[in-house]
Every structure is written in structure tokens, then in C-alpha cells.
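Asker: Below you will find the structure I want to go over with you.
The values are calculated or read from the model by the stated rules, or taken from the named source; none is laboratory data. What you see is a predicted model, and the numbers here were worked out from it, not measured in a lab. All Cβ positions, glycine included, derive from the backbone under ideal geometry; neighbour counts span all protein chains shown.
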Amino acid sequence: MIVTFAAFLLLFLTVGLVSARHARDTRADYYLASYSVKPWMVGLSAVATNNSGYMFIGMVGFAYSLGLPAAWVGAGIVTGDFMTSLVVHKRLRRATEASGEVSYAGVLSTWGGTSFIWLRRLIGVISLLFLLAYASAQFSAGSKMLQVVGDVPAYTGALLGFILVTLYCLKGGVRASIWTDVVQAFVMLAAMATVLATVLAALGGVDAALAKMAAIPGYLDWRTPAAGLTGGALFAVGWLFAGFSVVGQPHIMSRIMTLDDPDHYRRVRPWYYLWYLGMYFMAVSIGMMTRVYLPETSGFDPELALPTVTMHLLPPFFVGLIIAGVFSATLSTADSQILSCSATVARDLLPGFEPRRLTSAQLVKLATLLCAAAAFAMALSGSPSIFSLVLFAWGAMGSAFAPLLIVHALGGRPGQATGIAMILTGLTIAITWRLADLHTQLYEGLPAITAGFVVYWLSRRVRALQPRDEVN
């Protein structure tokens, strides 16, 4: 088990370091790989970044607890993601090159030739806070896996993740992140497929597994929402807005920003969505079948379902593969988030800051190191449920940024005050909604993202009612 796991970690590190041979000593190359990444690599990197430890740990645990209705999460997110990709991806890639910016906040604040410094800083601060929390959840997911399969200290997985991500990101920047993501995508797929086949065989095949799940009251009732006050349709629509939130995630959109040609964006989709759907199907299936194999007991953490069943059913070699799969998921997300944080610190929050003893390249690498260390420290402090923490960060950033980016992509040109109002409105509603536990009835992205669009529409109406000389 240890040899297999170590071999995969060495593979990831080697791929990341080899990619550095193609690096150039510029910010554009460090953060955007000089717009040179092929569509298939963008697709696999984006989907590996998107499907973090949340998929192996959080989503499997959610399906374990909820049953078949958990499938609505994947269906809604993938559908919403696809719908927004039709509007955003190509235009975002073009706007990135036109602006010459390397960060998500930089592109949004300079879209169409504008230069909104306060909007840029607001996006930067929000991105930094939530991306660091999100990255810490990835390090925590790795630790959870190692705690179950090996008698190691709680911080071991987080420490390994921190070391690996820091080494190859410092050396190769986003190119190293993307190259390792591609390898990790295949390892993740192999690991999930191995667990699915093993659990299915242990339960006696498809028919036997379905019969055993049917014995759990309501477990196969696809119409059952997560909580009682909302109907199934509204429950599904809520997760559709979680899919809309993808374009509000700086670490995922940074992959689209590296594409070699804006007109190649259609070639990204098959790699991205086929992998995406396959992983969701396997995660939900594993979670539900694990509930049968490991009946729910008092004190059992559903997020430990996958590592626990792995230890029960698989020989050591394959346990090492599964651990590597989980680590692949966590690393492929954490590295992109840390690089996005680094770009935010170096370009959005410290504009023009160039210490005398540091070159520009050294500054961005120092920012990367500090961001990785901050995420690691947050992971050590102890996090709540990985599923909950990821969804909190996801919902906050998606609600804050998605409406503004979609409006830009559709040709709207909100001013700085309107953009700030859209972001703060969506963010406030998303956070309030979750803190009030209303997300158990309806995903917070639906009211929050809708409110962002309403703010833009109201600003247009107010502007239209003003006398022409005031508008001018």
C-alpha cells in the first residue's frame, strides 16, 4: 500500500517538475502558461480541479446519507455548468488576452477597457478568503483518507499535500498544475472505478445491490428532496444554480483563460463533461452501495464511507491506488486555488508593490508559498464537514462573481458601483442563507445569483430614467 501510494506521489511530483522545462520567467507564463494549453488538457485539468476531495469524500458521504436524491446534485451542477459555458468560456478567454491580465479579478475589473480598482480589490479579497478555506478543505480531505487507511497523525495528509503542491507550483506555475491535473484525472477515474466494481461485486451484483437499497425506507425515492419544505423540482433547480456558480470559481476559470485559442473552446467540452458525468455517477453509486455494506450506525462519519469500505474490501496494492486517487482529487484542486490566491495577492491586492530585493518572478513565487502555508495552517486548525465547507465557499464565490461575469459575457457593461453592488448583494444573501440553515431546503445560489441579476437590471432602469445630461 505504501509503495503504491508513494509511487503515485512521485509520479505527480515528477510530472510537475518536468513541466517546468517549458516555463518562461514571466507572470503571464507562471499564471496562464502563455496561452499555450491544448483543449484536451484544459478540459481534463478543469474537471479535475472542479472535482476535488469533495467528490471522493463529500459527495460519497452525501449519497450515503441521502440516497438516490443525491443524484440531483450532480445532474443540476453539470447542466448548469454546461449552460453557462455556452455563454462565458469563449468570451472570457478573449477578454483575458485583450486585457493582458493574469488574474480572475484583473480580467473582470478591466473588461471592455475599463479599469475599476475598487472592484478589483473587492473581488481579490473575497477570492483570497474563500479560496484559502476551499484549499484547506482539500488538505483536510487527504488527511481524512490517510487517518482511516493508516495509523498516522491527523495532519499527515495535509502536510504531504502542502509539500507536493508547493514544490511543483513554485517550479512550474500553472503549467505544472495543469500537467499534474491531467495525470491525476486518470488516476482519479481508475480509483473510483475500482471501488465501484469492488463494492458491487461484494453485494452480489446490480440486482442484489438494488434489492438491498430498496429495503432502506425512501432510499430509492428519487422525488425526495433533502428537506421537507421544498418540492423535488425546486430542489433540482437549486442545484442548477450551483452549476451556474462554476463560472464564479476563479481557480476553474483560470483553466479556460490558459486555452491556446478562443475558438477551440468547443473541443474542451467532451473531455470535461464526459469525465464529469462519469465521476458523479460513480460517486453516488458508491455512496449508496456503501450504505448497504456498512449500515449507518451512531457516530459513523459518512464522509469516511469510501476509505472505510476500501480498507474492508481491497488488497493493499489497490488501497494505495485509492489513496492516490483521493490525493489526486485534493491536489488538483488545491494547487489551482493556491495559484489563484497567489495571482490575487501579487496582482490585485498589492498593485505596483515590488520590493527592492525581489524580482517580479520571486514575488509571485513568494506569494504562492505564503498562500500554500496559509491553507495548510487552516487545515491544521480543524475544519467542519468537507462537503459543507466546500459548498459554503463554492456558493459564496459563485453568488458573488457569476452574475457579473455572465452579464459581461452577454454584452452588458455595469459600472464600478453596480459591479460592487452585484457582488456584495449576492455574497450577503448566500452567506445569510447558509447561516440560517435555509440551504437545507433550497441551495443558496438560486436566490443569491438571481438577486445579483436583479441589481444589474435595477441599475439599468435607474440609469434609463435619469435625464440625459445627468447620465453623461
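Asker: Out of the residues in the stretch 1-34 meeting the condition of being surrounded by 24 or more Cβ atoms within 10 Å (Cβ to Cβ) and among the small types (Gly, Ala, Ser), tell me which one is nearest to GLY248 (Cα to Cα).
Answerer: Looking at the filtered set, the residue picked out is ALA33.
Asker: Hey, could you check the stretch 305-331 for residues that are farther than 15 Å from TYR54 by Cβ and among the small types (Gly, Ala, Ser) and say which is farthest from the chain's Cα centre (by Cα)?
Answerer: GLY320
Asker: Also, I was wondering about something else. Mind checking which residues of the stretch 360-385 are modelled with pLDDT of 80 or more and not in a helix (DSSP H, G or I)?
Answerer: Listed by number, the list is empty, since nothing qualifies.
Asker: Could you grab me the full set of residues in the stretch 264-310 that are of a type in the set (Ser, Thr, Tyr), closer than 18 Å to ALA197 by Cβ, at pLDDT below 90 and surrounded by fewer than 24 Cβ atoms within 10 Å (Cβ to Cβ)?
Answerer: Within the stretch 264-310, TYR293, THR308 meet the criteria.
Asker: Can you run down the residue pairs with Cβ atoms below 9 Å, 6 or more apart or on separate chains, where the first is in the stretch 315-334 and surrounded by fewer than 24 Cβ atoms within 10 Å (Cβ to Cβ) and the partner is at pLDDT below 80 and assigned to a helix (DSSP H, G or I)?
Answerer: Here the result reads VAL319/VAL149; GLY320/VAL149, each pair linking the stretch 315-334 to a residue that is at pLDDT below 80 and assigned to a helix (DSSP H, G or I).
Asker: Within the stretch 93-140, can you find the residues that are over 16 Å from the mean Cα position of the chain (by Cα) and polar (S, T, N, Q)?
Answerer: Within the stretch 93-140, THR96, SER99, SER103, SER109, THR110, THR114, SER115 meet the criteria.
Asker: May I ask you to verify whether PHE139 is in contact with a Leu (Cβ under 9 Å, 6 or more places away or on another chain), among the aromatic types (Phe, Trp, Tyr) and either surrounded by 20 or more Cβ atoms within 10 Å (Cβ to Cβ) or part of a helix (DSSP H, G or I) (or both)?
Answerer: The answer is yes for PHE139.
Asker: Would you point out the residue of the stretch 35-68, among those that are outside any helix (DSSP H, G or I) and among the small types (Gly, Ala, Ser), that is surrounded by the most Cβ atoms within 10 Å (Cβ to Cβ)?
Answerer: Residue satisfying both the conditions and the ranking: SER52.
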